[in-house]
Amino acid sequence: MMDSHTQKDTKLLMVVEDDPAVSQLLEMMIAREGYEVILASNGQEAMSILNERNNTISMVVTDISMPDMNGDDLIVQLGKNYPKLPVLVLTGHDITENENAKNVVDVLRKPFRSSSLIERIKLALV
């Protein structure tokens, strides 16, 4: 009997978050829904992983406030290099509209419920 979460082609999502505790919590929430998760602690690491993985990542879920390359800069880089890759932004701050952020599918304000996160991920991956 197949597990209800088993999918033929499991989607790989990248979570970009500098706080390890938050990162692990997000990974658990997302993986519980049957998605594979890869973690990056900042924008530079995320871009590195994306370049290595060559189009195997289905979506990026990113924080905004991070060291090295913050979420805003990451979003600009993703828009230039991966314009069709959906990005879900998680933030506790107000964010300004950015014309380079065309691939941002949604913004989820912290704190949020697990169900809100999963709902937005599913909508973006349809």
May I ask you to list pairs of residues, at least six apart or on different chains, whose Cβ atoms are under 7 Å apart, with the first in the range 30-58 being acidic (Asp, Glu) and the second being in a helix (DSSP H, G or I)?
Glu33/Ile118
If I ask for residues that are in contact with a Lys or Arg (Cβ under 8 Å, 6 or more places away or on another chain) and either over 18 Å from Val89 (Cβ atoms) or in a loop (DSSP other than H, G, I, E, B) (or both), which ones from the range 39-65 would you list?
Ser58
Given the criteria of a type in the set (Asp, Glu), assigned to a loop (DSSP other than H, G, I, E, B), surrounded by 18 or more Cβ atoms within 10 Å (Cβ to Cβ) and out of contact with any His (no Cβ under 7 Å at 6 or more places or on another chain), does Asp68 qualify?
no
Can you tell me how many residues within the range 26-69 are touching a Gly at 6+ places or on another chain (Cβ under 6 Å) and within 21 Å of Ile121 (Cβ to Cβ)?
3
Could you tell me whether the range 102-111 includes any residue that is of a type in the set (S, T, N, Q) and surrounded by fewer than 16 Cβ atoms within 10 Å (Cβ to Cβ)?
no
Filtering the range 78-88 down to residues that are farther than 15 Å from Leu26 by Cβ and outside any helix (DSSP H, G or I) yields Tyr82, Pro83, Lys84, Leu85, Pro86
Return the only residue of Ser23, Ser4, Ser48, Ser41 being at pLDDT 90 or above and closer than 18 Å to Ser115 by Cα.
Ser23
Per the filter on the range 8-32, residues surrounded by fewer than 16 Cβ atoms within 10 Å (Cβ to Cβ) and not in a helix (DSSP H, G or I) are Lys8, Asp9, Thr10, Leu12, Asp19, Arg32
Test Ile75 against the criterion of being outside any strand (DSSP E or B), of a type in the set (Val, Ile, Thr) and at pLDDT 95 or above, and give yes or no.
no
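The values are calculated or read from the model by the stated rules, or taken from the named source; none is laboratory data. Keep in mind the model is a prediction, meaning the values are calculated, not measured. Cβ atoms come from the backbone with ideal geometry, glycine included; neighbour counts cover every protein chain shown.
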